[in-house]
Amino acid sequence: MVNAAPLSLRIADVSHAYRIDGAERTVLDGIDLRIAPGAFVALLGASGSGKSTLLRLMAGLERPRSGRILADDVEIAGPGPDRLVMFQDPTLYPWRSVRGNIALGHDIAGRGDRDAVERAIDLVGLRGFERAWPHQLSGGMAQRAALARALVNAPRALLLDEPLGKLDSLTRLTMQTELRRLWEQRGFTAVMVTHDVEEALLLATRVVVIGGRPGRVIGDIAIDMQAPRHRDDARLLGLRRDILGQLGHRELW
Amino acid sequence: MSGLLAAAPARLGATGRRASARRPDWRPFLAAPAWWLAAFVTWYWPDADDFPETALLSRLLALVGAVLFVAALSGRLHRRGPWAVALGLALAAWEVVQAKLLWLKRPFFGTPQDLLDVFVSDWRRLADSLAHSLALLGVGYAAGALLGVAVGVGLGRAPRFRYWAQPVIRLVGPLPPAALLPLAFVLIPSSRLASEALLALAAGFPVAILTWSGIAAVDPALYDVARTMGAKDRFLVWRVALPAAMPQIFVGLFMGLGVSFAMLVVAEMLGVKSGLGFYLQWAQGWAAYPNMYAALLVMSVMCSVLMSLLFKVRDRVLRWQKDGLKW
Ligand SMILES: Nc1ncnc2c1ncn2[C@@H]1O[C@H](COP(=O)(O)OP(=O)(O)O)[C@@H](O)[C@H]1O
Ligand SMILES: [Mg+2]
């Protein structure tokens with residue numbers, strides 16, 4: 001598990017549509033973003049605004065209807081192990097043990113780096129559970145396993161789709177710190193979808209707000225604060241008010 | 001957590017053992033006397049008619065009693081104990097009712113010694129029939145299972161294949177395979193080959209449908225995960241779709257095995273002149289009822305053992321599942 005050079009991402013005027021009940025529905029409209037290598041970008045927005053879709057496009061799981069997505073200035077033609085995804089559900093393979101799940105990428109690539117797998121198990125703190133089946137894990141542990149499954153492949157970009165969305169609030173706090181630590185330690189580019197403003201502010205170096213239907217970029221805020229950040233920090237509270245305002249919840253504040 | 005994981009089964013095991021440790025359980029020791037009673041009745045009470053093998057039967061019953069006694073001594077007769085008692089008493093009752101008192105109508109109801117006599121005098125032909133049945137079933141079922149999984153994967157993952165295959169399967173699949181038997185015997189010159197083809201068809205249909213439904217139900221996110229890591233179709237089929245569909249595939253394999261048993265008997269009765277089905281029919285033709293009971297016994301043991309084997313395989317393959325029906 002060597003640290004791979006972080007990936008730069010360029011989303012050039014991307015629009016996307018889905019066919020729903022025979023009608024074409026535009027989901028994303030004219031998204032244009034440059035993501036610097038090593039950044040931690042939070043994609044924030046109401047549900048249904050197309051955040052997951054944007055992430056799938058970046059992963060190469062789908063091709064955009066129009067526009068281009070470039071990774072290090074090369075157009076993305078499909079999914080690839082330099083850009084790995086972590087979903088809201090751990091999506092572990094139930095027939096593989098924790099260790100087997102973490103070794104998934106190696107099995108696919110046909111190489112057997114046992115040491116890397118063992119290090120990934122330690123990295124996410126799953127030592128002692130490597131032989132457990134996924135159904136025996138708690139939600140937080142399952143997400144750790146999913147994280148290790150991605151990290152063991154030394155991805156240059158990690159695309160996270162509400163990875164902590166289903167965890168209880170205490171586990172969530174632990175995992176937020178963990179994610180931030182791993183990002184600092186491993187130096188990949190992180191793009192994390194979330195609908196939790198506080199989470200975005202605690203973790204990200206940049207918050208991109210997506211809103212409307214179809215989704216557009218309606219806010220883009222750099223956060224140049226070092227970790228550890230404190231939730232009660234006056235600057236964060238100010239940013240939080242701004243973002244909630246952009247999302248149309250000004251009256252609450 | 002790993003302690004917790006281990007604790008549940010361990011605790012289950014412990015209660016059984018602790019109960020036996022606390023106070024010696026005398027109930028397993030009832031089994032041997034039950035069988036010895038059957039042996040004694042058989043030997044001491046004169047038969048109502050000239051039945052064969054009475055002496056051998058009583059000796060066998062006594063021997064089983066001895067084995068059960070040793071089993072009880074070594075503490076290996078806890079769970080099966082009540083069954084061993086019941087079986088011994090039932091045999092004794094059967095012996096009294098039929099061999100000693102002749103209460104039930106002959107020749108439809110035989111005596112235990114009639115049955116034993118068949119195994120003693122005709123074991124060669126029974127064993128031969130069993131071997132033939134097993135061979136026919138083995139080839140047909142294995143071919144059907146493999147074919148079924150292959151077709152199911154095609155239905156689940158290849159739209160073009162599905163387009164052409166689905167209507168055919170919808171038309172032919174639900175047809176009871178036995179209905180095709182006369183046609184198969186005409187079309188395929190070897191009756192053995194024809195039976196194997198029909199067995200394969202019988203087993204293949206449920207396997208194909210359940211493989212398909214299993215693959216259709218695979219969470220697409222599982223494919224996405226593998227695809228982002230660079231997996232190609234081969235990996236997606238062999239290492240994602242098939243393992244994910246395995247619980248359903250086993251349902252199909254069980255259904256297929258059941259249908260195969262039925263098909264086997266019909267094929268052996270109507271076409272192949274060998275096997276347990278043929279033996280049954282021969283026994284009926286000669287009104288050899290004890291032979292019929294013997295063949296039925298062999299057949300039910302065969303089917304039961306094969307079912308158990310499949311359960312064993314399933315428990316091994318699906319050991320990652322939360323729950324599992326115990327057979
Ligand atoms: N595979 C799909 N087929 C059809 N419509 C889809 C599909 N995926 C997403 N959508 C639609 O696109 C819109 C945006 O979805 P999504 O990207 O999941 O939003 P978000 O992640 O921001 O909640 C929603 O209206 C959703 O119904
Ligand atoms: Mg989403």
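What follows draws every value from the coordinates through simple rules; no lab data is involved. Being a predicted model, the structure only gives us computed values, none of them experimental. For neighbour counting, all protein chains shown are included, and Cβ atoms are generated from backbone atoms with ideal geometry for every residue, glycine included.
Among the residues of segment A:81-101, are any buried (at least 22 other Cβ atoms within 10 Å of the Cβ), part of a strand (DSSP E or B) and free of Cβ contacts under 8 Å to residues at least 60 places away in the same chain?
Looking for residues that are buried (at least 22 other Cβ atoms within 10 Å of the Cβ), part of a strand (DSSP E or B) and free of Cβ contacts under 8 Å to residues at least 60 places away in the same chain, one finds none in segment A:81-101, hence no.
Looking only at residues in segment A:11-37 that are of a type in the set (A, V, I, L, M) and touching a Gly at 6+ places or on another chain (Cβ under 8 Å), which one is farthest from ligand 1 (Cβ to nearest atom)?
A:A12
Answer yes or no as to whether B:V240 is buried (at least 19 other Cβ atoms within 10 Å of the Cβ), farther than 19 Å from B:S129 by Cα and within 14 Å of chain A (Cβ to nearest Cβ).
yes
If I ask for residues that are more than 15 Å from A:G45 (Cα to Cα) and within 11 Å of the chain's Cα centre (by Cα), which ones from segment A:151-162 would you list?
Those that are more than 15 Å from A:G45 (Cα to Cα) and within 11 Å of the chain's Cα centre (by Cα): A:A157, A:L158, A:L159.
Only one of (1) within 16 Å of ligand 2 (Cβ to nearest atom); (2) surrounded by fewer than 15 Cβ atoms within 10 Å (Cβ to Cβ) fails for A:A42. Which number is that?
(2)
Being more than 10 Å from chain A (Cβ to nearest Cβ) and either crowded, with 17+ Cβ neighbours inside 10 Å or touching a Leu at 6+ places or on another chain (Cβ under 8 Å) (or both) is the filter here, so list the residues in segment B:212-227 that pass it.
Correct list: B:W212, B:S213, B:G214, B:I215, B:V218.
Can you name the number of the only condition in (1) more than 28 Å from A:D72 (Cα to Cα); (2) away from chain B (no Cβ under 14 Å); (3) touching a residue at least 12 places away in the same chain (Cβ under 8 Å); (4) away from ligand 2 (no atom under 16 Å from the Cβ) that A:L202 fails?
(1)
Take segment A:38-57 and flag every residue that is within 6 Å of ligand 1 (Cβ to nearest atom) and over 14 Å from A:G212 (Cβ atoms).
A:S52
What are the residue pairs meeting all of these: first residue in segment B:192-214, first residue of a type in the set (D, E), second residue assigned to a helix (DSSP H, G or I) and buried (at least 22 other Cβ atoms within 10 Å of the Cβ), Cβ atoms under 8 Å, and 6 or more apart or on different chains?
Within 8 Å, the pairs are B:E196/B:L136; B:E196/B:G140.
Please specify each residue of segment B:274-326 satisfying the condition of being assigned to a loop (DSSP other than H, G, I, E, B) and exposed (fewer than 12 other Cβ atoms within 10 Å of the Cβ).
Scanning segment B:274-326 gives B:W286, B:A287, B:R319, B:K322, B:D323, B:L325, B:K326.
Can you confirm whether segment A:164-183 contains a residue that is within 16 Å of ligand 1 (Cβ to nearest atom), in contact (Cβ under 8 Å) with a residue 24 or more places away in the chain, surrounded by fewer than 20 Cβ atoms within 10 Å (Cβ to Cβ) and outside any helix (DSSP H, G or I)?
Yes, because at least one residue in segment A:164-183 is within 16 Å of ligand 1 (Cβ to nearest atom), in contact (Cβ under 8 Å) with a residue 24 or more places away in the chain, surrounded by fewer than 20 Cβ atoms within 10 Å (Cβ to Cβ) and outside any helix (DSSP H, G or I).
Considering (1) assigned to a loop (DSSP other than H, G, I, E, B); (2) without any contact (Cβ under 8 Å) to a residue 24 or more places away in the chain; (3) at the interface with chain B (Cβ under 10 Å from one of its Cβ atoms), say which one A:R111 fails and leave the rest.
(3)
Tell me yes or no: at least one residue of segment A:45-56 is more than 14 Å from chain B (Cβ to nearest Cβ), away from ligand 2 (no atom under 16 Å from the Cβ) and in contact with a strand residue (DSSP E or B) (Cβ under 7 Å, 6 or more places away or on another chain).
Within segment A:45-56, none of the residues are more than 14 Å from chain B (Cβ to nearest Cβ), away from ligand 2 (no atom under 16 Å from the Cβ) and in contact with a strand residue (DSSP E or B) (Cβ under 7 Å, 6 or more places away or on another chain).
On the basis of being on the phi > 0 side of the Ramachandran plot, within 13 Å of chain B (Cβ to nearest Cβ) and not hydroxyl-bearing (S, T, Y), does A:G67 make the cut?
In short, no.
What number goes with the only condition from (1) within 16 Å of ligand 1 (Cβ to nearest atom); (2) under 30 Å from B:F235 (Cα atoms) that A:S8 does not pass?
In the conditions (1) within 16 Å of ligand 1 (Cβ to nearest atom); (2) under 30 Å from B:F235 (Cα atoms), A:S8 misses (1) alone.
Can you tell me how many residues within segment A:70-91 are over 14 Å from the mean Cα position of the chain (by Cα) and either more than 14 Å from every other protein chain (Cβ to nearest Cβ) or not aliphatic (A, V, I, L, M) (or both)?
So the count comes out to 10.
Out of (1) within 16 Å of ligand 1 (Cβ to nearest atom); (2) within 12 Å of another protein chain (Cβ to nearest Cβ), the odd one out for A:V152 is which?
(1)
Given the conditions (1) closer than 23 Å to A:M86 by Cβ; (2) more than 14 Å from every other protein chain (Cβ to nearest Cβ), which single one is not true for B:L193?
(1)
Quick one: in segment B:254-273, which of the residues that are β-branched (V, I, T) and assigned to a helix (DSSP H, G or I) is farthest from B:L183 (Cα to Cα)?
Checked segment B:254-273; the qualifying residue farthest from B:L183 (Cα to Cα) is B:V259.
Could you tell me whether A:R131 is away from ligand 1 (no atom under 16 Å from the Cβ), in a loop (DSSP other than H, G, I, E, B) and either away from chain B (no Cβ under 13 Å) or not polar (S, T, N, Q) (or both)?
yes
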